[in-house]
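Below you'll find the structure, written out as structure tokens, and then a few comments.
None of the figures in this text is laboratory data; all of them are computed from the coordinates on show. These figures come from a predicted structure and were not determined experimentally. FYI the Cβ positions are ideal-geometry reconstructions off the backbone, even for glycines, and counts take in every protein chain you see.
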Amino acid sequence: MKIAIIGGGPSGIIAAIEIKKRNPYFEVIIFEQKDSLGKKIKASGNGRCNIGNLNYNFSVYKNEKIVENILHDYDQEEYLKSLGILTKTLYDDYLYPVSESANNVLLILMNKLEELGVQIKLNAKLIDYDTKNDTVNLFFSDGAIVVDRVIFATGGKSSPNLGSDGALFPIFEKHGYKIEHLNPGLTPIRVKENVKALFGQRLKALVSLEENEQIIHQEVGEVLFKKDGLSGIVIMNISSQIINKGCKNPKINTYLLNNEGSILSFDDFKIVALDNKNPLLTFVSESISNYVYELANIDKNKFLDEQDIKRLFSFLNPLSFHYLSAYDFDSSQVSLGGISFNNLDKDLSSKYENNVYFIGEVLDVDGPCGGYNLRWAIGSALYLSKNIK
């Protein structure tokens, strides 16, 4: 039995390891279009490899019921331990290797591939395929090969420099697959307001996403100001929410009078404001303070009367920004959309073509920052490997 895995990211690597472990006599080959495997693994967690998340609330994922069915028995810590990757938790439920080194994780996985005898073909760009006579013909830019099974672990379109450029989606469409529209997810956003004066500023705040005066998502996190918009984990999560929830007129509210998630009352703010010329310096940086004073059209160098205090408070609680657009795929951490599950059977095999399978980010699944997407990539590969015979 010859198994081809198209894509050498986390899904492809784990699928190769597990299929070969379960079926030592199978010939397993990873075809990767870049010059090395695991580029996304090396970039994960800013090089520290946020390899999973221990929060088992599957509602954070798109297509949560399908994801729960696939991941419900994936014991992340035990499985990674079986590979020689011991883990620890940071920030409550983010799962990291003890080494906090993405490079070390990749080296461990590469050693496993070598020990098991998995073949690796680099700089292998697939241009098409067909299925006939219970086999799959794969056509590469430099030749062709016949295999018994093909697993597509090609990722989406996010971070194309790391290997997932979305080039195969037109081919999948040609083969009859429905593709849910692809958008960049977990990305900074551009806003309509002029925020150049705040470039480089950071603040921790309660941040909410509002649509038609309804709060549809909120969390506490750090906001980083860019020249034309906002970034930071909380903003990246909101960028995906805007697309997945189909928001038409989204507004991002940052509650600057924030104390570990609790919003200070007007009376509390008034106590500070009556005795200080520039009360905002108690809560935010000078640059942000100047920005808010300018918005409110109030002189920062004078003591405030109650009317000024109320006006200033209204701009702080919250300071709002109006969504203009997301950054593009080059700046995104994950793709939204992908191969629809309507195309697949429960074992992630194609309904239309024999011996064709899909795993990982190529599918219509995404989650927030914090290891959720790498957890899906690994877990879906592990799930599929049990069904390849």
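For semi-axes √(5λ) of the Cα gyration tensor in Å, the value computed from the atomic coordinates appears in the list (1) 35, 23, 19; (2) 41, 24, 19; (3) 47, 21, 17 under label (3).
Could you order the peptides 370-378, 171-179 from most to least packed, using the average number of other C-beta atoms within 10 Å per residue?
On the way: 370-378: 26.3, 171-179: 15.0.
Sorting 370-378, 171-179 by mean packing, highest first, produces 370-378, 171-179.
Sorting the segments 320-327, 36-43 by their residues' average number of neighbouring beta-carbon atoms within 10 angstrom, most packed first, yields 36-43, 320-327. Cross-link partners of residue 2 among aspartates and glutamates, defined as those whose alpha carbon lies under 16 angstrom from its own and excluding same-chain residues fewer than eight positions apart: 18, 27, 130, 134, 148.
Which of the chymotrypsin sites (Phe, Trp or Tyr not before Pro) found in region 4-109 are in a DSSP loop and have at most 15 neighbouring Cβ atoms, other than their own, within 10 Å? All intermediate terms of the calculation are to be shown ahead of the outcome.
Values: sites: 25, 26, 31, 56, 58, 61, 74, 79, 91, 94; in loops: 25, 26, 56, 61, 74, 91.
The qualifying sites are 25, 56, 91.
Each 10 Å bin, from zero up to the one with the longest distance, holds this percent of the alpha carbon pairs of region 166-262: 15, 40, 26, 13, 6, 0. Here the label points at residue 35 and residue 98, each 7 Å from Cα along the C-beta direction, are separated by 3.5 nm in the simple model. Summed over qualifying helices (DSSP H, 4 residues or more, each -39500 (n - 2.57)) and divided by its residue number, the chain shows a 222 nm mean residue ellipticity of -8500 deg cm²/dmol. Shape annotation for region 83-231: C-alpha extents along the principal axes are 60, 40, 28 Å, from largest to smallest. If the chain linking residue 161 and residue 303 were pulled fully straight, counting 0.36 nm for each residue of separation and taking away their Cα-Cα distance, it would gain 45.8 nm. Shown is the FRET efficiency for residue 133 and residue 202, computed with R0 = 56 Å from the Cβ-Cβ distance and rounded to the nearest 0.05: 0.40. Net charge within 12 Å of residue 231 by Cβ-Cβ distance, Lys/Arg positive one each and Asp/Glu negative one each, not counting residue 231 itself? Net of charged neighbours comes to +2. Note on region 153-192 and region 1-67: Cα centroid distance 17 Å, given to the nearest whole angstrom. Within the same chain, lysines fewer than 8 places from residue 270 are excluded, and of the rest, those with a Cα less than 18 Å from its Cα are 300, 302, 310. List the residues of region 224-239 whose backbone N lies under 20 Å from a point placed 7 Å from the Cα of residue 218 along the Cα-to-Cβ direction. Answer for region 224-239: 224, 231-239.
Counting Lys +1, Arg +1, Asp -1, Glu -1, what net charge surrounds residue 214 among other residues with beta carbon under 14 Å of its beta carbon? Write out the running numbers ahead of the final one.
Values: positive: 245, 248, 251; negative: 210, 211, 213.
Taking every Cβ under 14 Å from that of residue 214, the sum is 0.
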